[in-house]
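The values are calculated or read from the model by the stated rules, or taken from the named source; none is laboratory data. Not measured: the values here are computed from a predicted model. Here Cβ is always computed from backbone atoms with ideal geometry, including for glycine, and neighbour counts include all displayed protein chains.
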Amino acid sequence: MMDIIDCDVLVVGGGPAGLTATALFAQEGFATVCIDKAEPVLDLDRSDADLRTTALLIPSIETLKRAQAWPQAGEKASDLAVMRMMDAGDGDGEPASVDFNADEIEQPVFGANIANTDLRAALLNRLGGLEHADLRAPAELTHLVFRDDAALATLSDGTRLRAKLVIGADGRNSVVRERLGIGVKRIDYPQRAMVFIVAHDRPHQNVSTEILRTGGPFTLVPYLDRQRPEGGVEHRSSVVWMESFVETDRLTAMDDAAFEAAVNERSQGVLGHLRLASRRASWPMVSMIADRWHAPRAALVAEAAHVVPPIGAQGLNMSLKDAETLLDLALEARTAGRDIGDEGLLSRYTRARWSDAAARVSATAALNQAAIGPFKPIRDLRRYGLQAIAGLKPLKQTAMRYGMGGAS
Ligand SMILES: Cc1cc2nc3c(=O)[nH]c(=O)nc-3n(C[C@H](O)[C@H](O)[C@H](O)COP(=O)(O)OP(=O)(O)OC[C@H]3O[C@@H](n4cnc5c(N)ncnc54)[C@H](O)[C@@H]3O)c2cc1C
């Protein structure tokens, strides 16, 4: 039988959240093992690559700076200076539009948009330089038990690990959460988000544009410019397009030319003609929150703890705050000579994060319902809501600060 590897922290899941948690803990000297059942895919052109990009808000960029992954990630990120929301109407009223400009809350930018593959690459590079980080992938968790003094894990290759604390960062179908017997509240929407990259001749000028319409929003997010092989620059944006199952089935069945025509019809020409510049992928839309985020020797972070529809760039931004909150509690415990897996300490993690996350899950669920709603009162609310926000500076500033992770 193999020897047992002792560590302070076992992070299950090497997505962007798990890798960030690993970097944060390892650089503080906690012996941290991170496992992922899949090998990381960093080439966006590979058929199994995560095609999503993430709009990281300023607090998340600060977390990545703390993890020392930002200098590299920042080189691949595009600034977000303005978030524009437009209600396209459903052909029965004047379109409404509101600009949220970062300088209205005395910030140069809201954040930056980066491909998930580039973010993972920057984090993996950071882990490579950390003495106390040990990444194992592919390696699946096959067995996990919690004892008073430690958690014992077995991996698919037979490796056995003993950890003081297990961080479940294993995504929305978390095995760690299941082993802990923690329930969830979950809404599955009859809706998917299609993601892809488009190229355009007109520059995006660091403006992210969300075009609301019944069925779901269509969002263009600034993405990296690319040199054309024949010379000159090609501007690009990443797109998140949410629609009903019926509509996404119809759009997914289209060939690229027909799909590109549908994209141009839906984008209303805000960036001129759009050319499809990547494969397409789609994600089912879910709102979910775990009933509690801790147990003795375990804590849930990121999508293992909460899932939101991609409205207002909340998902991963909430997740990075989870990882940092947990780290700060562990540092406090270490200074006080206490156990980092102590349930009393970890209950403070749930208390610190759960209410804020629950409010954001509810807010995004309500916004999503309003976006889906085909009924005229909901459409009117959507349109007049935008006009009201545009007209009331304090309300607008409050909404912007809250969206960036501040208190409501
Ligand atoms: C269309 C779309 C757009 C989005 N845009 C934004 C945005 O702009 N801004 C934002 O903040 N958020 C955004 N999000 C949310 C964000 O993408 C997710 O929150 C984030 O990618 C989830 O990261 P994660 O690390 O929690 O989970 P994942 O990326 O799912 O990682 C979980 C990892 O755990 C591994 N794993 C699972 N089970 C096991 C096991 N048993 N053993 C070992 N490993 C295991 C998996 O292989 C995986 O690598 C978006 C989401 C969608 C769907």
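General observations
- Residues of region 215-234 that are surrounded by fewer than 20 Cβ atoms within 10 Å (Cβ to Cβ) and either assigned to a loop (DSSP other than H, G, I, E, B) or not acidic (Asp, Glu) (or both): Leu224, Arg226, Gln227, Arg228, Pro229, Glu230, Gly231, Gly232, Val233.
Matching residues to (1) more than 23 Å from Glu243 (Cβ to Cβ); (2) not in a helix (DSSP H, G or I):
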| position | (1), (2) |
| --- | --- |
| Ser278 | no, yes |
| Pro284 | no, yes |
| Met288 | no, yes |
| Glu303 | no, no |
| Ile311 | no, yes |
| Leu326 | yes, no |
| Glu332 | yes, no |
| Arg353 | yes, no |
| Thr364 | no, no |
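- Residues within region 258-275 that are surrounded by fewer than 18 Cβ atoms within 10 Å (Cβ to Cβ) and touching a Phe, Trp or Tyr at 6+ places or on another chain (Cβ under 8 Å), tallied: 1
- Listed here are the strands (runs of 3 or more DSSP E) enclosed by region 130-208 that have at least 2 residues being of a type in the set (Val, Ile, Thr) and more than 30 Å from Cys7 (Cα to Cα): 184-200.
- You will find that of Pro284, Pro309, the residue that is surrounded by fewer than 23 Cβ atoms within 10 Å (Cβ to Cβ) and modelled with pLDDT under 95 is Pro284 and no other.
- When the criteria are applied in full, Val33 fails the requirement of being more than 9 Å from the ligand (Cβ to nearest atom), under 13 Å from Ala323 (Cα atoms) and of a type in the set (Val, Ile, Thr).
- Hits in region 121-141 (condition: near the ligand (Cβ under 8 Å from one of its atoms) and among the polar types (S, T, N, Q)): none
- Test: residue in region 22-30 that is within 12 Å of the ligand (Cβ to nearest atom) and either under 20 Å from Pro71 (Cα atoms) or surrounded by 19 or more Cβ atoms within 10 Å (Cβ to Cβ) (or both): yes
- Here Thr154 qualifies as modelled with pLDDT of 95 or more, within 16 Å of the ligand (Cβ to nearest atom) and either more than 22 Å from Asp36 (Cβ to Cβ) or surrounded by 14 or more Cβ atoms within 10 Å (Cβ to Cβ) (or both).
- Selection from region 254-278 of residues that are more than 23 Å from Pro190 (Cα to Cα) and within 16 Å of the ligand (Cβ to nearest atom): Ser278
- Neighbours by Cβ (under 6 Å, 6+ apart or cross-chain): first from region 40-66, free of Cβ contacts under 8 Å to residues at least 24 places away in the same chain and closer than 23 Å to Gly312 by Cβ; second within 11 Å of the ligand (Cβ to nearest atom) and assigned to a loop (DSSP other than H, G, I, E, B): none
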